[in-house]
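Chemist: Handing you this structure, nothing more for now.
The values are calculated or read from the model by the stated rules, or taken from the named source; none is laboratory data. No experiment lies behind these values; they were computed from the predicted model shown. Cβ: placed from backbone, ideal geometry, glycine included. Neighbour counts: every protein chain shown.
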Amino acid sequence: MQRAAHTRIAGSDSGFLYIEGETQTSTCTHTVVLAAPAADQVPLDRARLIAHLGQRLDRTPMMRRRLQHVPLRVGHPIFVDDPHFDLEAHVRHAELPAPGGDAEFHDWVAGQTAVRVDVTRALWHVTLLDGLAGGRQALVFAFHHALADGSALLNVISELLDDHAPTQPPIATPAQRAPAPARTRVGLFATTLARQVFVWLSLPLLLVQTKRRFKAVAAQREGAATRVPSMSGDAPRTVLNLSADNERGYARTHLALDDLRRVRRAAGTTLSDVVLTVIAGALREHLIAAGELPEEPLVVSVPVSNEDSAAPPRVSGNRFCNYYAFLPTPEADPRVRLVATAANTAEAKSQLEVQGRNTLISWLDKIPPALGYWGAARMTDAHLDTERSPDFNVLVSNLRAPRDAMRLHGRAVEEMIFSGPVANGAGLNITVVGYDDRLTFALQTNPSAVPDAAALADRLHDALADLVSVYAPRPTPRHSPEGQVV
């Protein structure tokens, strides 16, 4: 008999429950844009989408589960089967106003990013969006970040939509797909409290290890050739940190992957360094135009995978940590910006390894929710304190979608657009997804920080063109005497 598949969420998952409030959500808004149906294809409607998802949900068991909280919040919640799960309640329909272009699409998505996912039910919903120009349709998913990170949610979307998925074994194991009925309150409290006793007994050792690791980081910082920011208060206070309400802006744009790779090869850096330098160049021009460019470099928070490279793919949970790096926005020369960015990220990653990728995550896992909610409220107050130096100015996530292009009912998936939530005191979140032959940059903003998200997105193209011009200019075509290009 298969054992119950109860999953206790980790502290890194619970943190996204703690930080939600009137001015900040933990909603990830991820969009799949479908090509217009061919003459022999039928457009999706809500009924067909519900039927399709109903056939796939067994591949993603967390999509049918809700959180069961531990009495008195002495430990992290568990995922249990929702006995009242109603798929129709999680599938919505909307239509863009004419003409259904980028402006209408961006405005509509911006309105969704401020909506909190109902945490008393399964932590997601999806909207079938009609009215896109050219007969296209979009599926706009809202996932609570406590459910999964971007890497896992890419797999969730593939499992739910891709025509190819049913030809492969489910990513979730049979044990993970086994029933997970709700626990009795007494039983859940007793087992959680017993576990917490062992957790608390381990705290002295964790404290010693943490102090040792932070001492090692301090020693490396002293001797490092490149100064990098700490994880607290090293960012300049800028207009980008104006985010104290639930107003949201949104825009997305695409950059050619070939151009980014050419710069990477010519400069000998990573693709991530090129992406961050493009963002630094765009932010520099944006802040100059606003008369708000600080003398100090901006600080970027970058989530990176905290998972073994041999780990199997997954459809739930958050497995990442963050490093902080300076973005050399005071530098006018794009070549200098890229060199400085590469040096800064290399040193920041090195210090993260010395600190230990699991050090802070281990503390999150051991802090009971009763204390976590209190701590998150104090953190929110600190982030909204305009007299305090912020921890970072912009958050940038970078994901790679499956190499094989997805199809749904034979229709090509034209775009994969991921967007993470804006945080209190940090009004710009940029999520980059590599799909097919381009990178899609999605900007979620607070309009107080970035009044025109689309204008900032446009500046990304100029910043990339600057890098291409100095690192990888395209050769001038030569012409034969007959006028042919050779």
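Chemist: Assess whether LEU408 counts as being closer than 27 Å to LEU298 by Cβ and touching a residue at least 40 places away in the same chain (Cβ under 8 Å).
Modeler: Details: closer than 27 Å to LEU298 by Cβ: no; touching a residue at least 40 places away in the same chain (Cβ under 8 Å): yes.
So LEU408 does not fit the description; no.
Chemist: Residue by residue through region 375-413, note down the ones that are in contact with a Leu (Cβ under 7 Å, 6 or more places away or on another chain) and modelled with pLDDT of 90 or more.
Modeler: Within region 375-413, ASN393, VAL394, VAL396, LEU399, MET406, LEU408, ARG411, VAL413 qualify.
Chemist: Follow-up question, since we're still on this one. Which of the residues that make up region 50-83 are on the phi < 0 side of the Ramachandran plot and among the charged types (D, E, K, R)?
Modeler: Correct list: ARG56, ASP58, ARG59, ARG64, ARG65, ARG66, ASP81, ASP82.
Chemist: Any residue at all in region 294-303 that's surrounded by 23 or more Cβ atoms within 10 Å (Cβ to Cβ), assigned by TED's automatic domain parsing to the domain that holds ALA449, of a type in the set (Ser, Thr, Tyr) and under 24 Å from GLN220 (Cβ atoms)?
Modeler: No - not one qualifying residue is present in region 294-303.
Chemist: For region 167-181, check the following and say yes or no: at least one residue is in contact with a helix residue (DSSP H, G or I) (Cβ under 9 Å, 6 or more places away or on another chain), part of a helix (DSSP H, G or I) and surrounded by fewer than 15 Cβ atoms within 10 Å (Cβ to Cβ).
Modeler: The answer is no; no qualifying residue exists.
Chemist: Let me ask something additional. Can you find a residue that is surrounded by fewer than 16 Cβ atoms within 10 Å (Cβ to Cβ), among the charged types (D, E, K, R), touching a Leu at 6+ places or on another chain (Cβ under 7 Å) and more than 30 Å from VAL239 (Cα to Cα) anywhere in region 425-447?
Modeler: Narrowing region 425-447 to residues surrounded by fewer than 16 Cβ atoms within 10 Å (Cβ to Cβ): 437.
If we keep only those that are among the charged types (D, E, K, R) as well, we get 437.
Retained after the next criterion (residues that are touching a Leu at 6+ places or on another chain (Cβ under 7 Å)): 437.
Still in the list and also more than 30 Å from VAL239 (Cα to Cα): 437.
Checked against the condition, which is being surrounded by fewer than 16 Cβ atoms within 10 Å (Cβ to Cβ), among the charged types (D, E, K, R), touching a Leu at 6+ places or on another chain (Cβ under 7 Å) and more than 30 Å from VAL239 (Cα to Cα), region 425-447 yields at least one hit.
Chemist: Kindly establish whether LEU276 is touching a Gly at 6+ places or on another chain (Cβ under 9 Å) and assigned by TED's automatic domain parsing to the domain that holds GLY356. Walk me through it before giving the result.
Modeler: Numbers: touching a Gly at 6+ places or on another chain (Cβ under 9 Å): no; assigned by TED's automatic domain parsing to the domain that holds GLY356: yes.
Considered against the rule, which asks whether it is touching a Gly at 6+ places or on another chain (Cβ under 9 Å) and assigned by TED's automatic domain parsing to the domain that holds GLY356, LEU276 comes out as no.
Chemist: Farther than 30 Å from LEU364 by Cβ, in a loop (DSSP other than H, G, I, E, B) and among the aliphatic types (A, V, I, L, M): is that true of ALA98 in this structure?
Modeler: yes
Chemist: Of the residues VAL413, VAL396, only one is closer than 23 Å to GLU307 by Cα, crowded, with 18+ Cβ neighbours inside 10 Å and of a type in the set (Val, Ile, Thr); which? Before the answer, list the steps.
Modeler: On the way: VAL413 fails: closer than 23 Å to GLU307 by Cα.
After ruling out the rest, the residue left standing is VAL396.
Chemist: Any residue in region 247-267 that's under 12 Å from VAL278 (Cβ atoms): show its pairings with residues that are small (Gly, Ala, Ser) at Cβ separation under 6 Å, as long as the two are six or more apart or on different chains.
Modeler: Hits for this filter: THR253/ALA457; VAL263/ALA472.
Chemist: What do you reckon, is ASP391 part of a loop (DSSP other than H, G, I, E, B) and either outside the structural domain of ASP234 (by TED's automatic domain parsing) or at positive phi (or both)? Reasoning before the result, please.
Modeler: On the way: part of a loop (DSSP other than H, G, I, E, B): yes; either outside the structural domain of ASP234 (by TED's automatic domain parsing) or at positive phi (or both): no.
When the stated conditions are applied, ASP391 does not pass them.
Chemist: When both residues are 6+ apart or on different chains and their Cβ atoms are under 8 Å apart, which pairs have a first residue that lies in region 176-198 and is over 20 Å from PRO83 (Cβ atoms), and a second that is exposed (fewer than 15 other Cβ atoms within 10 Å of the Cβ)?
Modeler: PHE189/PRO71; PHE189/LEU72
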